[in-house]
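Undergrad: Provided herewith is a single structure, encoded as structure tokens, for subsequent inquiry.
The values are calculated or read from the model by the stated rules, or taken from the named source; none is laboratory data. Since we're looking at a predicted model, the values are computed, not measured. Here the Cβ positions follow ideal geometry from the backbone for every residue, glycine too, while neighbour counts run over all protein chains shown. Side chains are part of the model used for accessible areas, which takes the heavy atoms of the whole protein and leaves out ligands, DNA and RNA. Shrake-Rupley method; radii C 1.70, N 1.55, O 1.52, S 1.80 Å.
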Amino acid sequence: MMNPEPEHRIENERRTGMEKRLEELYSSIEELKRENEMRKAPDKLGWDDIAQEIVGAVTFALPFLFTAELWEIAKDISIERSIAVLFMTLGIAYLFIAKSRIGNLKREELFHIPKRLLTVTGIAYLISAVLIYVYGINNLADFTLGQYINATILISTFAVIGAITVDMVK
């Protein structure tokens with residue numbers, strides 16, 4: 001007569017192995033779900049975003065910094081027109097950041113102004129002013145204070161667009 005115990009033991013071992021593999025599959029699926037949710041989560045403003053904005057502002061500002069045509073425009077344009085360019089740039093930046101659905105950005109505000117708009121514009125205008133000074137463009141073009149501000153605003157138009165673009169790329 002055959003002993004039924006080995007068959008029963010083999011079946012139990014097989015069932016236990018299948019249960020372990022099933023548990024591994026379930027845990028892998030749960031881990032994939034968590035990773036997917038994290039990937040879909042809106043991007044909160046952080047130091048990595050600030051670094052991206054700096055890189056974008058510098059990258060887009062540098063080519064325009066060295067164009068004599070822009071220096072001449074900065075000398076000839078009135079401060080009123082320069083301020084109009086400033087507001088136009090801020091408006092476009094606001095549309096990019098707050099109203100477009102280009103990036104998966106978390107909506108964060110400070111005094112009802114998007115934080116990214118504040119950081120992007122602050123970084124872009126600061127970098128443009130510093131680059132004009134560091135490269136000696138203000139002396140080379142012989143800018144007055146008003147013309148220096150005009151040049152900063154004009155170059156920052158491109159720096160703002162660059163900072164936003166690089167920040168939205170993930």
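Undergrad: Conditions: (1) modelled with pLDDT under 85; (2) under 13 Å from the mean Cα position of the chain (by Cα). Residue 109 meets all but one. Number of the miss?
TA: With respect to (1) modelled with pLDDT under 85; (2) under 13 Å from the mean Cα position of the chain (by Cα), residue 109 is out only on (2).
Undergrad: Can I ask one more? Give the stretch 121-143 a look and list any residue that's within 17 Å of residue 159 (Cβ to Cβ), in a helix (DSSP H, G or I) and touching a Phe, Trp or Tyr at 6+ places or on another chain (Cβ under 9 Å), or say none.
TA: 124, 128, 129, 132, 133, 137, 138
Undergrad: Would you please name the residue that is farthest from the chain's Cα centre (by Cα), looking only at residues in the stretch 53-66 that are closer than 16 Å to residue 137 by Cα and open to solvent by 40 Å² or more (accessible area, probe 1.4 Å)?
TA: Selected residue: 66.
Residues checked against (1) modelled with pLDDT of 75 or more; (2) within 17 Å of residue 62 (Cβ to Cβ); (3) surrounded by 14 or more Cβ atoms within 10 Å (Cβ to Cβ):
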{"position": "95", "(1), (2), (3)": "yes, no, no"}
{"position": "105", "(1), (2), (3)": "no, no, yes"}
{"position": "126", "(1), (2), (3)": "yes, yes, yes"}
{"position": "140", "(1), (2), (3)": "yes, yes, no"}
{"position": "153", "(1), (2), (3)": "yes, yes, yes"}
{"position": "159", "(1), (2), (3)": "yes, yes, yes"}
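Residues are listed down the side, and each one gets a yes or a no for (1) modelled with pLDDT of 80 or more; (2) farther than 30 Å from residue 144 by Cβ; (3) open to solvent by less than 80 Å² (accessible area, probe 1.4 Å):
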| site | (1), (2), (3) |
| --- | --- |
| 16 | no, yes, yes |
| 21 | yes, yes, no |
| 51 | yes, yes, yes |
| 69 | yes, no, no |
| 76 | yes, no, no |
| 80 | yes, no, no |
| 114 | no, yes, yes |
